[in-house]
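Colleague: Below is one structure. I have some questions about it.
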Amino acid sequence: MRLPRKHSMSKRADFSRARKDGQAKAGRFVVLSTLADPALPHLKVAFITTRKVGKAHDRNLIRRRLRSIVQRHGHRLLDPKRLLVTIPRPGSAAASFGDLEADWLKQARRLGLLENPR
């Protein structure tokens with residue numbers, strides 16, 4: 001799944017709605033929040049990377065890795081009409097791509113987002 005610009009969350013209200021009204025699961029490296037919204041035409045994704053995670057180059061690297069993870073596994077979502085917010089935790093900059101991917105997939109399974117465990 002490619003992640004075009006139209007799949008990006010841009011409204012602050014969407015961020016806060018997903019965090020406040022949706023479900024969230026925290027793992028070792030990421031916090032994943034989601035909210036189903038049947039009015040959406042497709043998946044809306046956001047990555048919130050704060051300064052606590054690391055310096056600018058670390059935050060950019062983490063965002064690229066998370067975007068790649070969503071591109072790899074986004075087609076497996078049971079209901080793509082949802083808001084999906086991923087927040088990396090401090091220490092995720094030191095994690096490998098495989099560890100970050102495994103943690104993201106674990107949280108997605110815990111939220112019941114994925115079709116088949118893999």
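Read the figures in this text as sums done on the coordinates, not as results from a lab. Computed from a prediction, not measured in an experiment: that's the story for all the values here.
Colleague: Note the listed values [x] 99; [y] 142; [z] 133, then indicate which one is volume of the Cα convex hull per residue in Å³ calculated from this particular structure.
Modeller: [x]
Colleague: Here's another thing I want to ask about it. Just to check I understand the Karplus step: with θ = phi - 60° and J = 6.51 cos²θ - 1.76 cosθ + 1.60, what whole-Hz values come out for the stretch 40-54, glycine and proline as x?
Modeller: 6, x, 7, 5, 10, 10, 9, 10, 9, 10, 8, 5, 5, 6, x
Colleague: Which pairs in the list 11/44; 25/81; 11/52; 20/55; 25/106; 20/81 are over 21 Å apart, alpha-carbon to alpha-carbon?
Modeller: Details: 11/44 11 Å; 25/81 19 Å; 11/52 23 Å; 20/55 28 Å; 25/106 9 Å; 20/81 18 Å.
Among 11/44; 25/81; 11/52; 20/55; 25/106; 20/81, the Cα-Cα distance tops 21 Å for 11/52; 20/55.
Colleague: Comparing 22, 74, 98, which has the greatest mean-square fluctuation in the GNM of the chain with Cα pairs linked when under 10 Å apart?
Modeller: Taking springs between Cα atoms under 10 Å, the residue moving most is 98.
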